[in-house]
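Just so it is clear, none of the values below were taken in a lab; they were calculated from the coordinates. Just so it is clear, the structure is predicted and the values come from calculations on it, not from any experiment. Note that we place each Cβ from the backbone using ideal geometry, even for glycine, and neighbour counts take in every protein chain shown.
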Amino acid sequence: MTAQPNNPPYIDGLLQRLANGDSRTAAAFSRHVHWGYWEEPPRAVCTPEEYGEAAEHLCRVLCNTAGIDDGMRIVDVGCGFGGTIASLSERFGQLQLVGVNIDPRQLERAAELVRPCGINSIEFVQADAARIPLDDSSCDVVLAVESVFHFDRAAFVAEASRLLAPGGNLTLSDFVPSERAAEYLDAIDFSADEAVQWSYGEIDLTCSLDRYRELAKANGLRLTKAMDVTENTLPTYKFLAASASDWPKSREVELFTRATSLLEKASRKGMLGYQVLRFEKH
Ligand SMILES: C[S@@+](CC[C@H](N)C(=O)[O-])C[C@H]1O[C@@H](n2cnc3c(N)ncnc32)[C@H](O)[C@@H]1O
């Protein structure tokens, strides 16, 4: 399997494990590639099957926040294996769904696995999040489920606003630093950390809510909802640590474990929140 430029390294590992028939990976990540959401985190048992359900739950939290309903045109940017598109197609019967990703391998998998239900239409498009080949004002909802930290955020917010019809919304999930965290996060400098780069690739975890408000304002959008769901996502770390301890020992696994534990520490200290954000187009 050839690694693709601009593609996060964890996707390579995931595709490799799926190709090798790794059942734990298949149960947890066959359609969603993001953190899980647990209504009652202390009761999480973190089996792969439960993780898959928790990932579906997070996807539904975003889609519900976006207020998706039949008749809408939805674009999911950084769509991964098409899990959110699949979930929407199962829950609704009359949506126009477009999944966008930079990586053709993920789109190939999505196109194989995701079929439209009802009279939904589904299209997968290879493009960068900052240059999406769709018309101005052609969508009601733009989604970005845990992918925006890979993008040029400012360019993406401008692009999402261009795509949205008036009254439409951009709903995304992201790791958002708390206002008091700037110093702490500068000291850690996630993006320069070798383990983080090796495992998660180029990521930017420095966009605070204030910065998001500025980006929104500059692009004709308004932040209308910010839900901090950090607590609900924390069992993700237990699951990822258990998964990594199952994999054969290697430098890659060691770096993944270190990078993920950095993220966990920052989240548990309240420095980095997992937020679901909704922006409305004027
Ligand atoms: C954590 S995964 C989330 C995938 C999917 N949203 C999900 O929730 O299952 C981040 C995704 O963003 C994609 N991505 C990274 N940079 C991108 C870019 N510049 N344009 C489009 N997609 C990108 C990656 O290939 C990956 O599929």
Q) Given 0.36 nm per residue, what is the gain on full extension from Arg268 to Ala155 after removing their alpha carbon distance, in nm? A) 37.6 nm
Q: At a Cα cut-off below 16 Å, give the lysines reachable from Lys265, other chains included and same-chain residues fewer than 8 away excluded.
A: Lys238
Q: Might you report the magnitude of the Cβ-based charge dipole of segment 1-134 about its Cα centre, with Lys and Arg at +1 and Asp and Glu at -1, to the nearest 20 debye?
A: 200
Q. Percentage of Cα-Cα pair distances in segment 139-282 greater than 27 Å, rounded to whole percent?
A. 26
Q | 10 Å-binned pair-distance histogram of segment 1-77 (Cα, whole percent) | A | 17, 37, 32, 14
Q: Could you work out how far the C-alpha centroid of segment 200-215 sits from that of segment 1-78, in angstrom?
A: 21
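Provide the three semi-axes, in whole Å and in decreasing order, of the ellipsoid equivalent to the chain as defined by the square roots of 5 times the Cα gyration tensor eigenvalues.
Equivalent ellipsoid semi-axes, largest first: 27, 23, 18 Å.
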Q. Where does the chain land at 222 nm, in deg cm²/dmol rounded to the nearest 500, when only DSSP H runs of n ≥ 4 count, each adding -39500 (n - 2.57), divided by all residues?
A. -13000 deg cm²/dmol
**Q.** Given charges at Cβ of Lys, Arg, Asp, Glu: the chain dipole, positive-most of Ala195, Ile68, Asn20
**A.** Ile68
Q.
So for each of 112-118, 142-148, 270-276 I average, over its residues, the number of other beta carbons within 10 Å; can you give me the resulting order with the highest mean first?
A. 142-148, 270-276, 112-118
Q.
At R0 = 30 Å, how high is the FRET efficiency between Ser250 and Val45 if r is their beta carbon distance? Nearest 0.05 is fine.
A. 0.65
**Q.** Fully extended contour minus Cα-Cα distance, from Leu113 to Gln197, at 0.36 nm per residue
**A.** 27.3 nm
